[in-house]
1. Mind listing whichever residues of segment 10-47 are of a type in the set (Gly, Ala, Ser) and either surrounded by 12 or more Cβ atoms within 10 Å (Cβ to Cβ) or within 21 Å of the chain's Cα centre (by Cα) (or both)?
2. Using beta carbons and a limit of 9 Å, which pairs, at least six apart or on different chains, have the first residue in segment 1-23 and more than 20 Å from Leu34 (Cβ to Cβ) and the second one of a type in the set (Asp, Glu)?
3. Does Ala7 qualify as being over 22 Å from the mean Cα position of the chain (by Cα), at negative phi and among the aliphatic types (A, V, I, L, M)?
Amino acid sequence: MILGVVALGKIKRGEADGKGMAIGGIVTGALALLLTVLIVVAVGSFFAENKDELETLDDCLKNANNNQAQIQQCQNEFNRQLNP
């Protein structure tokens, strides 16, 4: 976005061409920024809403001690808690 704005300044002063590319860069940069904010909010919301389930999963996995059957059981229980 910043480079697009800088490019538009140069274009207005007659130092460069490519106004469409500069605007395209600003638009795609803004969309990427918006998408990033939405993803961060969604992930943060997920962790906030499922804090207890995540702590239970963490405790279960720590107690599993690399036993694959117990790890699978922990994952199944976590999924059951999220999707009753």
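Every number in this text was worked out from the coordinates using simple rules, so none of it is lab data. The structure displayed is predicted, hence computed values, not measured ones. As a convention, Cβ positions derive from the backbone with ideal geometry for all residues, glycine included, and neighbour counts pool all protein chains shown.
1. Restricting attention to segment 10-47, the residues satisfying the condition of being of a type in the set (Gly, Ala, Ser) are 14, 16, 18, 20, 22, 24-25, 29-30, 32, 42, 44-45.
Ala16, Gly18, Ala22, Gly24, Gly25, Gly29, Ala30, Ala32, Ala42, Gly44, Ser45, listed by residue number.
2. Gly9/Glu15; Ile11/Asp17
3. Values: over 22 Å from the mean Cα position of the chain (by Cα): yes; at negative phi: yes; among the aliphatic types (A, V, I, L, M): yes.
Yes.
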